[in-house]
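One structure below.
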Amino acid sequence: MSVWEVLIVALVLLLGIVGVLVPGVPGPWLVWAAILWWALQSPRPLSWGVLVGSTVVLLLSNLVRWLLPKRRVRGSGVNRRMMVWAGSGAVLGFFLVPVVGAFPGYVGGMYLAERRRLGSHGDAAASTRTVMRARGASIFVELFSCLLIAGAWAGAEVWG
């Protein structure tokens, strides 16, 4: 693949990751489509393995999201600014402490957004817990699966 094609795949992966945080955008589908296109353009065993692995990861994330209890989002304090902070924290944590840093980064970003909005530690912590119960866990599962797939793709591109 040429450098431009790799950059396009990376851009679509980034759009998919951001799409997880924006309601109505099919983020996981964009991530999977980017991996599919990459595997078709660069047909080697490693790329097909990444495609199969990403398919399994997305199916498992859908299963986990389906098993999570449904909660009401209204009145929980979920807003776009918080999701941007949480998503940025997850991406930063994913790369600072590879893979396992995504969860503390996600919750930390959410807490920082609430701390800025509400002012006190107690209110921000309570609001973060409420949001994680209402919608945060479901979004995190989807975001983590997309980050895992993007990390596998990056690893395959660099070392493969």
Could you look at segment 1-156 and say what percent of its accessible area is carbon and sulfur, using a 1.4 Å probe and all protein chains? 71
Restricting to Cα pairs under 8 Å and 6 or more apart, the percent relative contact order of segment 35-160 works out to 29
Nearest-0.05 FRET efficiency for L96 and W29, computed from C-beta distance (R0 25 Å): 0.35
At 10 °C and 1.306 mPa s, grab the translational diffusion coefficient of the chain from Stokes-Einstein with a Kirkwood Rh over Cα pairs, rounded to a whole number in µm² per second. 98
Membrane-span-like helices in the chain: DSSP H runs reaching 20 Å or more (Cα, own axis), mean Kyte hydropathy at least 1.6? 3-21
Using a Gaussian network for the chain with springs between C-alpha atoms less than 10 Å apart, which of these wobbles most: R135, R65, R80? R80
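The values are calculated or read from the model by the stated rules, or taken from the named source; none is laboratory data. As the structure is a computational prediction, the values presented were derived from the model and not from experiment. Cβ: placed from backbone, ideal geometry, glycine included. Neighbour counts: every protein chain shown. Ligands, DNA and RNA are stripped out before the accessible areas are found, and what is left, the full protein with its side chains, is counted by its heavy atoms. Shrake-Rupley method; radii C 1.70, N 1.55, O 1.52, S 1.80 Å.
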